[in-house]
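**Student:** Structure provided below as structure tokens; questions to follow.
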């Protein structure tokens, strides 16, 4: 390298050093910058299991980023709109949300397919579809026009069929039944004459106690015990409608794009880990709660819906799905993908987990 002789060369070299120093300083500052995000959740403050998922996610993201990513969580008592999370994150009022995709079916009908479907996949199968099948790509396709990204946010596994004030002995008993049940299952019950409705979690007990509704489904023992439904409704039915209820983390797309790549990946890992941990936590909590419920409230009657009711529900479900597919190309694409994946993976589930359980 030849020595610098002219004043111009020396000046240029000095300028280059200054520029390089500035770039390095800027990079260091960018790496140290703290990104503060806000998250609105559908649940109330300190809501068990569901609320734990958001807290766990935020804590992991902050720790893995060495404090560069901080997420403030606002529960429904703060933002006052448990079913407004979609709009608040879409508009940028909040950077993130935690809720359930099927709550938005009135706004964007095809969002309902990403929570769970009656007679559909169980949790292990559905996670396979999300992460190794078409699920994530299809979900991105549905949410992209709304400036949103959606990620799995925690699974409840198979949900119980609900708490009922009276027994269901035939299809006729569904006629006029007022029941809190969201998502596609509500449409299925409406097809058989019931009156489904959706009610915010904090209002469920009062609605059932005052007979504003005749029945409700929530989740399972792990969450139902704390809600106290067993004190006001004697019949606890097994599930058909939500075999793998996946909550969601919503992220404003502009917020996501402003994050450095390493923080995007940290957030992605934190959401995925928190979601799976919620699945395990809920299973554990339900086992413990069911033991407590049966010991302290032996009059709880666990029921299965009669075969004719299940057959009618299945027929109505099939009919409604066909209508969706006939009238919406995107819905057909999603439903075809889910059914193809279920057909493939259920063959394995049948000779593994199902066969094992039947053998016991």
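**Student:** Taking the mean number of other Cβ atoms within 10 Å as a proxy for protection, how do you rank 97-103, 255-261 from highest to lowest?
**Tutor:** By packing density, highest mean first, the sequence is 97-103, 255-261.
**Student:** Whole angstrom only: what separates the Cα centroid of region 313-352 from the Cα centroid of region 227-259?
**Tutor:** 21 Å
**Student:** What FRET efficiency, computed as 1/(1 + (r/R0)^6) with R0 = 51 Å and r the Cβ-Cβ distance, is obtained for residue 33 and residue 205, rounded to the nearest 0.05?
**Tutor:** Efficiency, from the Cβ-Cβ distance: 0.70.
**Student:** Let me ask you something else. Using only the alpha-carbon atoms, how far is helix 7-32 inclined from the longest principal axis of the chain? Give it as 0 to 90 degrees, nearest 10.
**Tutor:** Relative to the chain, helix 7-32 is tipped by roughly 20 degrees.
**Student:** Something else now. So if I take the centroid of the Cα atoms in region 29-91 and the same for region 158-184, what is the distance between those two points in Å?
**Tutor:** 34 Å
**Student:** In whole angstrom, how far apart do the alpha carbon centroids of region 189-225 and region 115-139 sit?
**Tutor:** Computed from Cα coordinates, the inter-centre distance equals 25 Å.
**Student:** Separate question: Can you tell me the FRET efficiency between residue 277 and residue 326 if r is taken as the Cβ-Cβ distance and R0 is 41 Å, rounded to the nearest 0.05?
**Tutor:** That gives a FRET efficiency of 0.55.
**Student:** While we're here: Sorting 96, 179, 293 on the 10 Å Cβ count, fewest up front, what's the list?
**Tutor:** So the ranking, lowest neighbour count to highest, is 293, 179, 96.
**Student:** Take region 76-229, drop everything but the C-alpha atoms, weight them equally and run the Debye formula without solvent; then report log10 I(q)/I(0) at 0.12, 0.17, 0.21 Å⁻¹ to two decimals.
**Tutor:** Cα-only, vacuum Debye calculation for region 76-229: -0.58, -1.13, -1.47.
**Student:** Further, regarding this structure: By how many degrees, between 0 and 90 and to the nearest 10, does the Cα long axis of helix 50-64 differ from the longest principal axis of the chain?
**Tutor:** Tilt relative to the chain: about 20 degrees.
**Student:** Right, something else. Nearest 10 degrees is fine. How inclined is helix 329-349 to the longest principal axis of the chain, computing both from alpha carbons?
**Tutor:** With both axes taken from Cα atoms, the answer is about 70 degrees.
**Student:** Let me ask another. To check you understand DSSP bridge types, tell me what percent of the beta bridges within the chain (both residues inside) are antiparallel, rounded to 5.
**Tutor:** 50 percent
**Student:** Then there's this: Given (1) 20.0, 64; (2) 19.1, 65; (3) 24.8, 99, which label gives Rg and Dmax of the Cα atoms in Å as computed from the coordinates?
**Tutor:** Recomputing Rg and Dmax of the Cα atoms in Å here gives the entry labelled (3).
**Student:** With equal scatterers on the alpha carbons only and no solvent term, can you work out the Debye log10 of I(q)/I(0) for region 186-228 at 0.15 1/Å?
**Tutor:** At q = 0.15 Å⁻¹ the computed log10 ratios are -0.41.
Read-outs: derived from the displayed coordinates by stated rules, not from any lab. Treat the numbers as computed from the prediction; the structure is a model and nothing was measured. Here the Cβ is made from the backbone with ideal geometry for all residues, glycine too, and neighbour counts use every protein chain on show.
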